[in-house]
Amino acid sequence: MAFTTPQKGKTKVLKFDSEEDVAAALAKYTADLSEKSVKEKGSFSVVLSGGTLIDTLRKLVESSYKESVDWSKWLIFWVDERVVPLDHEDSNYLLAWRGFLSKVPIPPSNVYAINDKLSPEGAADEYEERLKLLVESKVLPVSNITGFPKFDLMLLGMGPDGHVASLFPSHHQRYEKKRWVTFITDSPKPPPPRITFTFPVINSASDIAMVITGAELADTTKMALGTGIAPGSTPLPCTEVSAEGELTWFLDKDAASKL
């Protein structure tokens, strides 16, 4: 059973009894947004992250959704990626391929993985250039508010340190305001080299889902939702996430236990 906590502005917090319930709700939420987007403009752009998110998307590939979703209209991107070969165990692409992409008929040409032959800086530059070409060709729209590309759905997780994508608390990339995609060579989580969308791109999305499960994230969830940040402390990156449409937090009972 889900319980909704009203929030100011365009933020919704959904609390569920279990991770299984989160997975079921996330599948319906994503499928509903897909149907709406395809009807309105003929495509659905989805930005994935790594970690446990891919497993939480597992119910989307069950028969009821697999057969009803118009997968041919999906465009897949990554909010961040480890700069390793795409077949490396650390690759977010490989994680998504195994858990999700290989099980649904999304056209390969609609899946935008990074160029894994480049350096972190080169991979970030190349990915940003590809996004700009998609904007120029009208495949991706831009936000009328920010001028940055506007994705339909951004699917995010959060680390115990409050990082989202590869935007970490003590790293300057979280403050980048001009670039669409930037890079990091000293990630505090291995592997060190990564590329990542910047906050202006993340926050230009029509809708964002923050998918948080597990007791190890309870303290961070409490701080992220504004109930436990120490006075004078630097806000966590996850507190900077917003959406032009709606930001929805999907929490299981454990992650929400300290709210």
Tell me the label-point distance for the pair Lys189, Lys36, using the 7 Å Cα-to-Cβ offset, in nm and rounded to one decimal. 2.8 nm
So if I take the centroid of the Cα atoms in region 37-59 and the same for region 166-199, what is the distance between those two points in Å? 22 Å
Cα gyration tensor shape for region 84-143, rounded if a/c is under 1.5, else prolate or oblate: oblate
Place a +1 charge on the Cβ of each Lys and Arg in region 159-259 and a -1 charge on the Cβ of each Asp and Glu, then give the dipole magnitude about the Cα centre in debye, rounded to the nearest 20. 280 debye
Students often check this: by mean Cβ neighbours within 10 Å, which of 92-102, 113-123 ranks highest, and how do the rest follow? 92-102, 113-123
Each label sits 7 Å from Cα toward the beta-carbon; between Asp17 and Val104 the label points are separated, in nm, by 2.7 nm
The percentage of the accessible area of region 77-155 (probe 1.4 Å, all protein chains present) made up of carbon and sulfur atoms, to the nearest whole number, is 54 percent
Please give the length that would be gained between Ser242 and Asp116 if that part of the chain were fully extended, namely 0.36 nm times their separation in residues minus their C-alpha to C-alpha distance (nm, one decimal). 42.4 nm
Which shape class applies to the chain: rounded if a/c is under 1.5, otherwise prolate when a/b exceeds b/c and oblate if not, where a ≥ b ≥ c are the square roots of the Cα gyration tensor eigenvalues? rounded
Using the Karplus curve 6.51 cos²θ - 1.76 cosθ + 1.60 with θ = phi - 60°, what ³J(HN,Hα) values do you get for each residue of region 106-120, in whole Hz, with x for Gly and Pro? 7, x, x, 5, 9, 10, 9, 7, 6, 7, 7, 8, 9, 5, x
Label zone at Ser233 (point 7 Å along Cα-to-Cβ), backbone N below 19 Å, region 151-169: 158-164, 167-169
Once a ≥ b ≥ c are taken as the square roots of the eigenvalues of the Cα gyration tensor of region 17-81, is the result rounded (a/c under 1.5), prolate (a/b larger than b/c) or oblate (a/b not larger than b/c)? oblate
Once you place label points 7 Å from the Cα toward the Cβ at Asn144 and Glu216, how far apart are they in nm? 4.4 nm
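The values are calculated or read from the model by the stated rules, or taken from the named source; none is laboratory data. Just so you know, these numbers come straight off a predicted model, no measurement behind them. Methodologically, a virtual Cβ is constructed for each residue, glycine included, from the backbone with ideal geometry; neighbour enumeration extends over all protein chains shown. In case anyone asks, the SASA skips ligands and DNA or RNA and just uses the protein heavy atoms, side chains included. Shrake-Rupley method; radii C 1.70, N 1.55, O 1.52, S 1.80 Å.
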